[in-house]
Amino acid sequence: MPIRVGRCAGFCSGVRAAVRIAEEAAQTRPCACLGPLIHNPQVLARLEEKGVRIVESPDEVSSGTVVIRSHGVSREVIELCERRGLTIADATCAYVVRLHRLAAEASARMPVCIVGQADHPEVRGTAGWCAGDVYIVDSIESAGRVPLLDEAAAVAQTTLPPLQYKAITDALAERVKRLVVYDTVCLATSRRQREATELADWADVMIVVGGRDSANTRKLYETCKERCPRSLRIEGPEELPEGLDPARDNIGITAGASTPDWVLKEVVNRMNDIEQNAPVPQLAPTESQENENASFMKDIEATLIPIRTGQTITGTVVQVTEDEICVNIGYKSDGLVKRSDLVSKDVHVGDEIDVEVVKVNDGEGNVLLSQRNVVSRKNWDALMTRYDEGGYVEGVGREAVKGGLIANVMGVRAFIPASQLSQRYVEKIEDFVGKTMRLKIIEADKSKKRIVCSRKIVIAEEAVAKKKEAWDKLAVGEVVPGVVRRLTDFGAFVDVGGVDGLVHVTDLSWGRVKHPSEIVQPNQEIQVKVLSLDQERDRIQLGYKQTQPRPWEIAEEKYPPGSIVSGKVVRITTFGAFVELEPGLDGLVHISQCALSRIAKVEDAVEVGQIVRVKVLSVDSEAKRISLSIRAVLEDEAFMYSDDIPGESLGDETAYTLSDDSSDSTSDAPY
Ligand code: F3S
């Protein structure tokens, strides 16, 4: 006769995680656990050996690490640990974390009914996360004692049987006008119960392994006993009674949620020894057994969601290991996501993730899930929408291949032909590896999983858009910033925000300019005035000198009569010399004002290019005339020098020969 072991027997994911967290925490000393971690003496003894002591309150711990067991605790206890400076090793089960969150969120809006045992640590802890009124409801009768309310939320202790929760919330709905029922039941317990029922129906002897104090194991034992009168409850292999005979009897074995795998294994090994190494088959109920259990299973399965291959479901992560994560999807079995099918790098217990059902049963009773498929499908949908809209996507160069580049575009492998990488010939495609680029999808075939992109089109389109934007911003008469791009003999090309305009050489300065380089240099940032725009011919005429005041406008103020300034002789005529005071501002020194004595011709006193000091005699901005005098400067200097000659007085005309023609005669000057 065979031995059958329940597939759901032993640790649930929450307890398994709690034991692991406690064992890791035990490596730091001192380490304490708030209450017994699980109801299993072997595990507790092992933890005690590793130095984990059990305390009732954080007040009993002065330093080190405190382990919070899978039942969770109230917010107040967490805060107390933090105030005492203790390190928290939080082993609260993911289902309980979710329960806390839902209860806390709901309590901010309405009263909360927690359905469960009032003295259970999980129920007490959950109440401690609620902000408003909380009612603990443990039966249909106590539901009847809840005051009449307009609205309330109901949450359940995670280990409550689903049918019991349903019955109590039905009763609560009589008291509450609008009852929001949250499904917070963890199905690990009901699954184990259901499986034990099936096993007990088949077995002649049913062995239930688990701690004596474990309520979960007791319930399991009671269930089995109802179906199989020869049910035994043991804590370990040493309690197996004499006279068990697998050769004669069907032996069923199950274990409570707090029974470690190694204890269960020892029991199974002992039974196998008795059966002389008989193999241990997996649970496979017969057709008749299935019929007998149909009604019970129907009730349970009514609380489970149906799933099918390809379906996308939101699940809660209940366990994270190196190779895979375990996700509760509300189905009779939890689902597994292999690391290779996981996209999120940082996944934690309690996180909600979208997964796709790859296989409803992988042959070992597990649901195979993939997050990658969901993400990939979403990415493809987004890519196809972008393709239809003609929008851009972002891609990162991954690998140079023959004829182009492979890029990662929204998690999808895309190809960029070399000719589409740039507007110029690309010599080294590798230069684009690791580079983030804006791309345009030019070919997309979802069924063939083929995406072809172009960077060249994006560059061209961006240039056109930038140019249009630049044109739209420009207006005749406005002064805009620009950068000198290049110089030619006839002017300077200036980039004014994406388009180039020309500053003609005559518009560079109010003065005479032989070459633009006298005024500006390439890459110089300057302000320019928009003189004219011709979008059709793509021509922009700019002015640089127009951004500066006209010299004649400020000449009277800048060069008051009597002031002495320096200037450069730029031209000589028969009646005088023209002196440039600044670009665009020339004054005339009449021949009679060129020297102290009369001269026959202007060249006798000055020459072109010479820097001379001149006195301003008069400024007429309207007529654009400035009269200057070199002689007056020389006279002033002579008078100053005369201070050093004893007996001679200032203004002694005998000391100098002044021209009779000292009056300003520039008004007739033909300039
Ligand atoms: Fe276990 Fe957590 Fe469920 S501790 S029984 S998985 S609520």
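A quick yes/no check of all residues on (1) among the polar types (S, T, N, Q); (2) touching a strand residue (DSSP E or B) at 6+ places or on another chain (Cβ under 7 Å); (3) exposed (fewer than 15 other Cβ atoms within 10 Å of the Cβ):
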residue	(1), (2), (3)
Leu34	no, yes, no
Lys50	no, no, yes
Gly72	no, no, no
Glu79	no, no, yes
Ala91	no, yes, no
Ile136	no, yes, no
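Only strands (runs of 3 or more DSSP E) wholly contained in the range 464-544 count here; list those with 1 or more residues that are of a type in the set (Gly, Ala, Ser) and more than 30 Å from Val569 (Cβ to Cβ). Explain how you work it out, then say what you get.
Numbers: elements: 479-488, 491-495, 500-504, 525-534, 539-543.
Where strands (runs of 3 or more DSSP E) fall fully within the range 464-544 and carry at least 1 residues being of a type in the set (Gly, Ala, Ser) and more than 30 Å from Val569 (Cβ to Cβ), they are 479-488, 500-504, 525-534.
Can you report the number of residues in the range 305-330 which are farther than 19 Å from Val97 by Cα and crowded, with 17+ Cβ neighbours inside 10 Å? Reasoning before the result, please.
The initial filter retains those residues of the range 305-330 that are farther than 19 Å from Val97 by Cα, namely 305-313, 322-324.
Pick out the ones that are also crowded, with 17+ Cβ neighbours inside 10 Å and you get 307, 313, 324.
Qualifying residue count, the range 305-330: 3.
Taking the range 495-527 on its own, how many of its residues are among the small types (Gly, Ala, Ser) and over 23 Å from Trp471 (Cβ atoms)?
From the range 495-527, those among the small types (Gly, Ala, Ser) are 497-498, 501, 509, 511, 517; that's our starting set.
Narrowing the set further to residues that are over 23 Å from Trp471 (Cβ atoms) leaves 509, 511, 517.
Adding up the residues that qualify gives 3.
Can you give me the number of residues within the range 104-122 that are in contact with a Cys (Cβ under 7 Å, 6 or more places away or on another chain) and under 20 Å from Leu148 (Cα atoms)? It would help to see each step written out before you state the result.
Within the range 104-122, the subset in contact with a Cys (Cβ under 7 Å, 6 or more places away or on another chain) is 104, 107, 112.
In the following step, the residues that additionally are under 20 Å from Leu148 (Cα atoms) were identified as 107, 112.
Within the range 104-122, residues that are in contact with a Cys (Cβ under 7 Å, 6 or more places away or on another chain) and under 20 Å from Leu148 (Cα atoms) number 2.
Within the range 461-484, work out how many residues are over 30 Å from Lys440 (Cα atoms) and either open to solvent by 90 Å² or more (accessible area, probe 1.4 Å) or in contact with an Asp or Glu (Cβ under 7 Å, 6 or more places away or on another chain) (or both).
Going residue by residue through the range 461-484, those that are over 30 Å from Lys440 (Cα atoms) are 475-484.
Pick out the ones that are also either open to solvent by 90 Å² or more (accessible area, probe 1.4 Å) or in contact with an Asp or Glu (Cβ under 7 Å, 6 or more places away or on another chain) (or both) and you get 476, 481-483.
Here the count works out to 4.
Read through the list (1) under 30 Å from Leu581 (Cβ atoms); (2) surrounded by 13 or more Cβ atoms within 10 Å (Cβ to Cβ); (3) modelled with pLDDT under 95, then give the number of the only condition that Leu533 fails.
Failing condition for Leu533: (1).
Are any residues in the range 123-137 within 16 Å of Asp183 (Cα to Cα) and out of contact with any Cys (no Cβ under 8 Å at 6 or more places or on another chain), and if so, which ones? Spell out how you get there, then give the answer.
Taking the range 123-137 and keeping what is within 16 Å of Asp183 (Cα to Cα), we get 123, 126, 137.
Correct list: Val123, Thr126.
Identify, by number, the condition in (1) in contact (Cβ under 8 Å) with a residue 40 or more places away in the chain; (2) farther than 30 Å from Asp133 by Cβ; (3) not small (Gly, Ala, Ser) that Leu160 doesn't meet.
(2)
When you scan the range 23-39, how many residues do you find that are away from the ligand (no atom under 13 Å from the Cβ) and either among the small types (Gly, Ala, Ser) or outside any strand (DSSP E or B) (or both)? Walk me through it before giving the result.
To start, the set of residues in the range 23-39 that are away from the ligand (no atom under 13 Å from the Cβ) comprises 23-36.
This time we only want the ones that are either among the small types (Gly, Ala, Ser) or outside any strand (DSSP E or B) (or both), so: 23-30, 32, 35-36.
The number of residues fulfilling the criteria is 11.
What residue, of Val176, Val155, Val209, is more than 16 Å from the ligand (Cβ to nearest atom) and touching a Ser or Thr at 6+ places or on another chain (Cβ under 6 Å)?
Working: Val176 fails: touching a Ser or Thr at 6+ places or on another chain (Cβ under 6 Å); Val155 fails: more than 16 Å from the ligand (Cβ to nearest atom).
After applying the criteria, what remains is Val209.
With within 16 Å of the ligand (Cβ to nearest atom), outside the structural domain of Gly144 (by TED's automatic domain parsing), in a strand (DSSP E or B) and buried (at least 22 other Cβ atoms within 10 Å of the Cβ) as the only criterion, which of Val67, Val43, Val15 stands out?
Numbers: Val43 fails: in a strand (DSSP E or B); Val15 fails: in a strand (DSSP E or B).
None of the others qualify; the one that does is Val67.
Scan the range 142-157 for residues that are touching a residue at least 12 places away in the same chain (Cβ under 8 Å) and loosely packed, with under 15 Cβ neighbours inside 10 Å and jot them down. Working first, answer last.
As a first pass, look at the range 142-157 and keep what is touching a residue at least 12 places away in the same chain (Cβ under 8 Å): 143-144, 146-157.
Across the range 142-157, the qualifying residues are Gly144, Pro147, Leu148, Asp150, Glu151.
hydroxyl-bearing (Ser, Thr, Tyr) and either under 30 Å from Arg386 (Cα atoms) or modelled with pLDDT of 95 or more (or both): does that describe Ser454?
yes
Being in contact with a Gly (Cβ under 6 Å, 6 or more places away or on another chain), over 30 Å from Arg248 (Cα atoms) and within 16 Å of the ligand (Cβ to nearest atom) is the requirement here; does Gln164 meet it?
Working: in contact with a Gly (Cβ under 6 Å, 6 or more places away or on another chain): no; over 30 Å from Arg248 (Cα atoms): yes; within 16 Å of the ligand (Cβ to nearest atom): yes.
When the stated conditions are applied, Gln164 does not pass them.
Give the residue that is nearest to the ligand (Cβ to nearest atom), with candidates limited to residues of the range 72-90 that are touching a residue at least 40 places away in the same chain (Cβ under 8 Å) and either in the same structural domain as Val123 (by TED's automatic domain parsing) or outside any loop (DSSP other than H, G, I, E, B) (or both). Give the steps one after another, and end with the answer.
First, pick out the residues of the range 72-90 that are touching a residue at least 40 places away in the same chain (Cβ under 8 Å): 72-77, 87, 89-90.
Within this subset, residues satisfying the condition of being either in the same structural domain as Val123 (by TED's automatic domain parsing) or outside any loop (DSSP other than H, G, I, E, B) (or both) are 75-77, 87, 89-90.
Values: Arg75: 19, Glu76: 22, Val77: 18, Thr87: 22, Ala89: 16, Asp90: 13 Å.
So, considering only residues that are touching a residue at least 40 places away in the same chain (Cβ under 8 Å) and either in the same structural domain as Val123 (by TED's automatic domain parsing) or outside any loop (DSSP other than H, G, I, E, B) (or both), the one nearest to the ligand (Cβ to nearest atom) is Asp90.
Could you figure out which of (1) surrounded by 15 or more Cβ atoms within 10 Å (Cβ to Cβ); (2) on the phi > 0 side of the Ramachandran plot isn't true of Gly411?
Evaluating Gly411 over (1) surrounded by 15 or more Cβ atoms within 10 Å (Cβ to Cβ); (2) on the phi > 0 side of the Ramachandran plot leaves (1) as the failure.
Just a yes or no: is a residue in the range 558-570 in contact with a Lys or Arg (Cβ under 6 Å, 6 or more places away or on another chain), β-branched (Val, Ile, Thr) and farther than 30 Å from Ser532 by Cβ? Give the derivation first.
Taking the range 558-570 as the starting set, the residues that turn out to be in contact with a Lys or Arg (Cβ under 6 Å, 6 or more places away or on another chain) are 564, 566.
Narrowing further to those that are β-branched (Val, Ile, Thr): 564.
Those left that are additionally farther than 30 Å from Ser532 by Cβ: 564.
Looking through the range 558-570, at least one residue is in contact with a Lys or Arg (Cβ under 6 Å, 6 or more places away or on another chain), β-branched (Val, Ile, Thr) and farther than 30 Å from Ser532 by Cβ.
Please find, among Thr223, Thr254, the residue that is open to solvent by 20 Å² or more (accessible area, probe 1.4 Å) and within 16 Å of the ligand (Cβ to nearest atom). Let's see the steps before the verdict.
Details: Thr254 fails: open to solvent by 20 Å² or more (accessible area, probe 1.4 Å).
Going through Thr223, Thr254 in turn, the sole match is Thr223.
The values are calculated or read from the model by the stated rules, or taken from the named source; none is laboratory data. Quick caveat, the model's predicted, so the values are computed rather than measured. Here the Cβ is made from the backbone with ideal geometry for all residues, glycine too, and neighbour counts use every protein chain on show. Areas reflect the complete protein model, heavy atoms only, side chains present, ligands, DNA and RNA absent. Shrake-Rupley method; radii C 1.70, N 1.55, O 1.52, S 1.80 Å.
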